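Trainee: This is the structure, below, for whatever I ask next.
The values are calculated or read from the model by the stated rules, or taken from the named source; none is laboratory data. If you're wondering where the values come from, they're calculated on a predicted model, not measured in any experiment. Using ideal geometry, Cβ is built from the backbone for each residue, glycine included, and neighbour counts are taken over all protein chains shown.
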Amino acid sequence: MADAASTLASDNAGFTHYFGGKNTDVQFTHFKQMMAAIASTEEHFSFQFECRDTPTCSSVRSAMVADANVADATTRRTIQVCPRFWTATSSLYLLPREESYAVTPYREHETWCEKTKRGNDADLSGRENQWYATAGHTVLHELTHLDALARQAGLVPDPKTNMHGTEDPQDSNKIKGETCELAGARNFLEKYKETKDPDFSSPDYNAESYAAAATEIYFMKECKFSQVRPQTT
């Protein structure tokens, strides 16, 4: 997913659906560098998954929780895999494989790549964007919280904590759309473009903007979609 996103152009619909407004060029640089760093894996960051329930899992109803404390590339940070990861619709499915699977957590490749014609566009995705959220999407979201990785992307650290990782302003600002998923990320961008609040976070500091864009770009490439349809309900 990160590999596909690291080579896109700035006018790609998968990028412009989630990033834009003020300083789009800076956002694009951060996005490309984040995806390239993720694709390089251990060169830029170190982490481990830990499957357990914690008070944090319960209090924020998260599928995963990343340790975003300051770290260098060799400091191993933990990403907690919460019970909700195994039941949430957004993380229930895995990305398509060449082989065919009849039951969850896989979907048939043809189902992922079904198209629908709208107007003159015969290559529009058959489903709305929220349908394409996957387990990989959720993992990528959490990776952007990691300090060492966000440092490689060039994100400016928080002046109080010195942590570079993305945050979840999409959640804290109660953006319409399911929390931390594709529908909300598109709405977050629209709110960012409209707001006059100088403290409102730009999309390159919103974790879900990265995960949503990478997901859409992946399926555009995998399924030869012109773009993924936005959520209408």
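Trainee: Can you pull out every residue in the stretch 147-184 that is of a type in the set (A, V, I, L, M) and either touching a helix residue (DSSP H, G or I) at 6+ places or on another chain (Cβ under 8 Å) or modelled with pLDDT of 90 or more (or both)?
Mentor: Within the stretch 147-184, L149, A150, A153, L155, V156, M163, I175, L182, A183 meet the criteria.
Trainee: Another one. I'd like the residue in the stretch 57-85 that is in a helix (DSSP H, G or I) and at pLDDT 85 or above and, out of all such residues, is surrounded by the fewest Cβ atoms within 10 Å (Cβ to Cβ).
Mentor: Residues of the stretch 57-85 that are in a helix (DSSP H, G or I), as a first pass: 57-60, 83-85.
Right, trim to at pLDDT 85 or above and you get 57, 83-85.
On the way: C57: 19, P83: 14, R84: 18, F85: 20.
Of everything passing the filter in the stretch 57-85, P83 is surrounded by the fewest Cβ atoms within 10 Å (Cβ to Cβ).
Trainee: With the checklist (1) in contact with a helix residue (DSSP H, G or I) (Cβ under 8 Å, 6 or more places away or on another chain); (2) polar (S, T, N, Q); (3) surrounded by fewer than 16 Cβ atoms within 10 Å (Cβ to Cβ); (4) at pLDDT below 80 in hand, flag the one item S6 doesn't pass.
Mentor: (3)
Trainee: Here is a further query. Which one of these does A135 not meet: (1) in contact with a Pro (Cβ under 9 Å, 6 or more places away or on another chain); (2) at pLDDT 90 or above?
Mentor: All conditions pass for A135, except number (2).
Trainee: Go through the residues of the stretch 47-56 one by one and say whether even a single one is under 21 Å from E208 (Cβ atoms), at pLDDT 90 or above and touching a helix residue (DSSP H, G or I) at 6+ places or on another chain (Cβ under 9 Å).
Mentor: yes
Trainee: Using beta carbons and a limit of 9 Å, which pairs, at least six apart or on different chains, have the first residue in the stretch 197-210 and part of a loop (DSSP other than H, G, I, E, B) and the second one modelled with pLDDT of 95 or more and surrounded by fewer than 21 Cβ atoms within 10 Å (Cβ to Cβ)?
Mentor: S202/V26
Trainee: Read through the list (1) within 17 Å of the chain's Cα centre (by Cα); (2) assigned to a loop (DSSP other than H, G, I, E, B), then give the number of the only condition that T29 fails.
Mentor: (2)
Trainee: Between a first residue in the stretch 11-29 that is in contact (Cβ under 8 Å) with a residue 40 or more places away in the chain and a second residue that is among the hydroxyl-bearing types (S, T, Y) and surrounded by fewer than 18 Cβ atoms within 10 Å (Cβ to Cβ), which pairs have beta carbons less than 8 Å apart while being 6 or more apart in sequence or on different chains?
Mentor: Matching pairs, first to second residue: A13/S226.
Trainee: Could you tell me whether any residue of the stretch 185-196 is modelled with pLDDT of 90 or more, buried (at least 19 other Cβ atoms within 10 Å of the Cβ) and under 15 Å from K32 (Cα atoms)?
Mentor: Scanning the stretch 185-196, I find no residue that is modelled with pLDDT of 90 or more, buried (at least 19 other Cβ atoms within 10 Å of the Cβ) and under 15 Å from K32 (Cα atoms), so the answer is no.
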